[in-house]
Every structure is written in structure tokens, then in C-alpha cells.
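Enquirer: I'd like to ask you about the structure that follows.
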Amino acid sequence: MKTILNKERKNPTDQEAGSRGLGPTFVLALGTFAVGTDAFVVAGFLPSMAQSLDVSTSAAGQSVTLFAAAYAVLSPVLATLTARIPRRTLLVSALVVLALANLLSAFAQDYPTLLISRVLAAAGAAAYTPNAGAVSAALVRPELRARALAVVIGGLTIATALGVPLGNAASQWTSWRVALGAVAALSLICAIGVLLVMPHLPGGPRVPLATRLAVLRRPGVIAVLPLTVLGMAACYTAYAYSVPTLKAVGVPQSGVVLMLFLYGVGAVVGNFVAGQATDRVGSVRVLTVGYVVMAATFGILTWLAGASTHLPVLVGVLALAWGASSWCQTPPQQHRLISAAPQEAALVVSLNSSGIYLGVGLGTVIGGLALPTGVWLVYLIGGILALASLVWLRAGALLMKRP
């Protein structure tokens, strides 16, 4: 740690760091790719993990919920506790914690050990992702802020494209333990990259958590954060159980990897297009289109599952739309929060990350409860939540316009 701190002092000044523009954000995106792979790869091998640890698939799925809940709770707490730490030191340390946690997961011989390791992984992720987003916004001009955020969140969306398919492939070709070991190695590689390339940015003043959370009283923040939870719950109600939900619409086991890859491609495209579009036409318009597409997608999937109709080409198109509408939310949501509380950028981004993972956990729980009734109900609930997100967005936008 002492060596790292000495390197911090030898780096360029803040002004010089800021002049690097979008360059360092791509390195930060490698870190969010590692975090996202860790979060999403588990969904691809839940059945094999459950069998190995002698638990049900639903119980294995709750490790995803625990990760999400731990992330949501730890994110604002860690933002306070680590406020004074130089940003590069914090980001590198967080990735090292993530690597160690994944090694523990890979070697877990029982369910309790797995759950403990997932909490530790959530701590590393909670320390890294929001700070990476806040740093990316600080390194660029205001007019490039949404694009910088899209680049960093792009690491998560690319992980969506590759993480779950790789997890599913690992369960068939190797093992889930090998997959988590690979995530650990990836995290260490990303830590080295951030250490070598990240410019110096000092920490901020230590502000009590209660004082920091006072930002929640701001109307702009109140309008945005619940929408993040609602929108992510909508898309994860079905995605957390993507293998059985895709099977119900006629996708064979051999085609699941392809459909998840198409979802990920849509996620990557949706994220980057949303970043560009937010800078040009505004966040509310981007989110409106996203929620309409998401609701329509789930509506069609509900019909396909209920009618037992098998149209694989259509499902592929819907997988693209599902991914795009899910991950187009993050850049405009973060942009709205930073605009509402620019002096608390790191905190509001961490709160938004908490909202994302709360939504993931909520969606996982809802999907698990609905799945025994039928996959059609899982898709239907996702569509209803997407429509509820649209209503919340429009109502919040109207309230924000009032004097």
C-alpha cells in the first residue's frame, strides 16, 4: 500500500489528469467489465453450482440476491469510509478484494462459504463501480459526461454480453469453479491496468454518512433513485432465470448461449447509444423509448410462453431488444443524478449503483416466486414493472418542471 501511495504522489496534477479526456475511462471500463462478469457469470451456471453444493437452483439463485443486497447496503457506507483515499488506490484495492473473493467462491465446498464469498465480492464491487463512474465524469468536459459514463458502464454491458454465455459454456465444458477462478485472474489484471494508467485524483473530505444521505431529500434525487430500482427489477425478473425462461419460448439448451449473447449485444448497443443520445436529446426521452421497448418485448414474450409458440428468430430479435432496453437506463439515470447533485457525484453514483443491485435482487426474488406458476407470469410481471417505470418517469419529469 505504501508503494502505491508513493506512486500517487509522483503522478500528474489534477489539471493534467483531466486533460487526458476519455482515455483513462476505457481502463476504468476494464474494471467494470471484471465486476460485471463476476455479477452476471453466476446466472449462466446456477444449475451446475446448485448440484455441486447440494442445494436447489432457487437457493443457488439467492446467492445473486445476497450479492445484490450486500452491494446496495455497502455502497453508500464504503463511499463514506473511503472518501479520503486517493481514487487510484481505492480502485486498485477494490479490484484486489474482488479477485480474492472470487478465489474463495471458486474453492467453496459448501453453501455458507459461497454466501460469505459473495458478500466479500459485493464489497469489492461496491467500492469500485460507483467511484469509477464518478472519476470518469470528473475527467471529462461536462458535455462529454454522459458519454464517459456510458464508456465505464459499457464494461458492465459487455460483461452482460459475455459473462452469462461464458458461465453457461463453463457449466457444459469445464466447471463453474474454473469460471470464477478466471474472474479472479481478470480482476487482478484490471487492477494492474488501473494502477499503471489511472491519473492522480485525490480523495475528498470525510463527511458523516447521515450528512451525505441528506442528498436524498433533494427532489431530483428522489425522482431518480426509485426509478433505477424499478427499471432494473423489471428486466431482471426474467433474466436471473434466463435458462428456463428461454426454454419456455422454444429455445433449446444448445441455443441458450446464442440468445444470451444477443441479449448482451443489445445491452452494449443500448448503453452506448443511450450515452450519445442523452447528451443530444435528454435523459427523459431516452428512458421513455427504453421503457416502451421493454414493455413491448415482455408483452410478446408473455404471449409466446403462454401459447407455447416457438419462433426462434423472433426470440433472437426480442433478446436484442430486451438487452438494449435494460441497459439503456444507466447512462441517463446517472446523468440525471449528477446534474441534480453535482457536488456529491461519487455518492449519488454509488446510490444509483445500490439502486441497480437492489433492482437486480428484487427482480430475482420476484422471478423466483413467479417461476413455479409459469414462465408466462414471469414475463408478464416484467412487462408490468416496465410500464410502472414509464409512469414513474413521466410523473417525476412533470414534478421536476413545477416551480
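The values are calculated or read from the model by the stated rules, or taken from the named source; none is laboratory data. Since the model is a prediction, treat every value here as computed from it, not as a measurement. Note: ideal-geometry Cβ built from the backbone for every residue, glycine included; neighbour counts use all protein chains shown. Ligands, DNA and RNA are excluded from the accessible area calculation, which covers all protein heavy atoms including side chains. Shrake-Rupley method; radii C 1.70, N 1.55, O 1.52, S 1.80 Å.
Enquirer: Of all residues in the range 252-300, which are touching a Leu at 6+ places or on another chain (Cβ under 6 Å), over 24 Å from Ser339 (Cα atoms) and not β-branched (Val, Ile, Thr)?
Expert: Hits for the range 252-300 are Met259, Leu262, Gly266, Ala295.
Enquirer: Still on this structure, please answer the following. Looking only at the range 83-105, filter to residues that are at pLDDT below 90 and open to solvent by less than 20 Å² (accessible area, probe 1.4 Å); which one of those is farthest from Phe45 (Cα to Cα)?
Expert: For the range 83-105, the residue satisfying everything is Ala83.
Enquirer: Would you be able to tell me the number of residues in the range 268-278 that are among the aliphatic types (A, V, I, L, M), open to solvent by less than 30 Å² (accessible area, probe 1.4 Å) and modelled with pLDDT under 85? Let's see the steps before the verdict.
Expert: Filtering the range 268-278 for residues among the aliphatic types (A, V, I, L, M) gives 268-269, 273-274, 277.
Filter again for open to solvent by less than 30 Å² (accessible area, probe 1.4 Å), leaving 274, 277.
The next check asks that each one be modelled with pLDDT under 85; those that pass are none.
Here the count works out to 0.
Enquirer: Any residue at all in the range 300-313 that's over 21 Å from Val151 (Cα atoms), aliphatic (A, V, I, L, M) and free of Cβ contacts under 8 Å to residues at least 12 places away in the same chain?
Expert: In the first step, residues of the range 300-313 are kept if they are over 21 Å from Val151 (Cα atoms); the result is 300-313.
Of the ones still in play, those that are also aliphatic (A, V, I, L, M) are 300-301, 304-305, 307, 311, 313.
Keeping just the survivors that are free of Cβ contacts under 8 Å to residues at least 12 places away in the same chain gives 307, 313.
Scanning the range 300-313 turns up at least one residue that is over 21 Å from Val151 (Cα atoms), aliphatic (A, V, I, L, M) and free of Cβ contacts under 8 Å to residues at least 12 places away in the same chain.
Enquirer: Consider only pairs whose beta carbons are under 7 Å apart and that are at least six residues apart or on different chains; among these, list those whose first residue lies in the range 262-284 and is in contact (Cβ under 8 Å) with a residue 60 or more places away in the chain and whose second residue is buried (at least 19 other Cβ atoms within 10 Å of the Cβ) and outside any helix (DSSP H, G or I).
Expert: Gly270/Cys328; Asn271/Cys328; Ala274/Cys328
Enquirer: State which residue pairs qualify: first residue open to solvent by less than 10 Å² (accessible area, probe 1.4 Å) and modelled with pLDDT under 90 and inside the range 172-198, second residue among the β-branched types (Val, Ile, Thr) and part of a helix (DSSP H, G or I) in any location, beta carbons under 7 Å apart, and separation of 6 or more residues or different chains.
Expert: Val183/Thr37; Val183/Val41; Val194/Val27; Val194/Val92; Met198/Val27
Enquirer: Report, by residue number, each residue of the range 51-74 that is open to solvent by 20 Å² or more (accessible area, probe 1.4 Å) and assigned to a helix (DSSP H, G or I). Spell out the reasoning first.
Expert: Pass one, the range 51-74, residues open to solvent by 20 Å² or more (accessible area, probe 1.4 Å): 51-52, 54-59, 62, 64-66, 69, 73-74.
Scanning the range 51-74 gives Gln51, Ser52, Thr57, Ser58, Ala59, Gln62, Val64, Thr65, Leu66, Ala69, Val73, Leu74.
Enquirer: Can you name the residue in the range 300-312 that is over 24 Å from the mean Cα position of the chain (by Cα) and in a helix (DSSP H, G or I) and is also nearest to Tyr71 (Cα to Cα) among such residues?
Expert: Restricting to residues being over 24 Å from the mean Cα position of the chain (by Cα) and in a helix (DSSP H, G or I), the top hit is Thr302.
Enquirer: Give the residues of the range 221-247 that are assigned to a helix (DSSP H, G or I), open to solvent by 10 Å² or more (accessible area, probe 1.4 Å) and modelled with pLDDT under 85, sorted by residue number.
Expert: Of everything in the range 221-247, those that are assigned to a helix (DSSP H, G or I), open to solvent by 10 Å² or more (accessible area, probe 1.4 Å) and modelled with pLDDT under 85 turn out to be Ile222, Ala223, Val243, Pro244.
Enquirer: Could you tell me how many of the residues in the range 58-97 are closer than 21 Å to Pro24 by Cα and touching a Phe, Trp or Tyr at 6+ places or on another chain (Cβ under 7 Å)?
Expert: Result for the range 58-97: 3.
Enquirer: Those residues that are out of contact with any helix residue (DSSP H, G or I) (no Cβ under 7 Å at 6 or more places or on another chain), over 23 Å from Ser56 (Cα atoms) and of a type in the set (A, V, I, L, M, F, W, C), I need them from the range 350-403; list them, please.
Expert: Within the range 350-403, Ile384, Val391, Ala395, Leu398 meet the criteria.
Enquirer: Next question, about the same structure. Has the range 121-143 got any residue that is of a type in the set (Lys, Arg) and touching a Leu at 6+ places or on another chain (Cβ under 7 Å)?
Expert: no
Enquirer: Of the conditions (1) open to solvent by 10 Å² or more (accessible area, probe 1.4 Å); (2) modelled with pLDDT of 70 or more; (3) under 28 Å from Ala106 (Cα atoms), Pro130 satisfies every one except a single condition; which number is it?
Expert: (1)
Enquirer: Is there a residue in the range 352-374 that is open to solvent by 50 Å² or more (accessible area, probe 1.4 Å), modelled with pLDDT of 90 or more and closer than 20 Å to Trp327 by Cα?
Expert: no
Enquirer: If we scan the range 28-38, do we find a residue that is at pLDDT 80 or above, surrounded by fewer than 24 Cβ atoms within 10 Å (Cβ to Cβ) and farther than 30 Å from His200 by Cα?
Expert: No: zero hits.
Enquirer: Looking for whichever is within 18 Å of the chain's Cα centre (by Cα) and surrounded by fewer than 20 Cβ atoms within 10 Å (Cβ to Cβ) here; the options are Val77, Val119, Val42. Which one fits?
Expert: Val119
Enquirer: Now a separate question. How many residues are open to solvent by 40 Å² or more (accessible area, probe 1.4 Å) and of a type in the set (D, E, K, R) if we restrict to the range 303-351?
Expert: So the answer is 1.
Enquirer: OK, next. Among the residues of the range 287-302, count how many are within 19 Å of Val268 (Cβ to Cβ) and open to solvent by 20 Å² or more (accessible area, probe 1.4 Å).
Expert: Residues that pass the stated criteria total 2.
Enquirer: Go through the range 249-261 and give me each residue that's closer than 19 Å to Leu304 by Cα, in contact (Cβ under 8 Å) with a residue 12 or more places away in the chain and surrounded by fewer than 21 Cβ atoms within 10 Å (Cβ to Cβ).
Expert: Gly250, Gly255, Leu258
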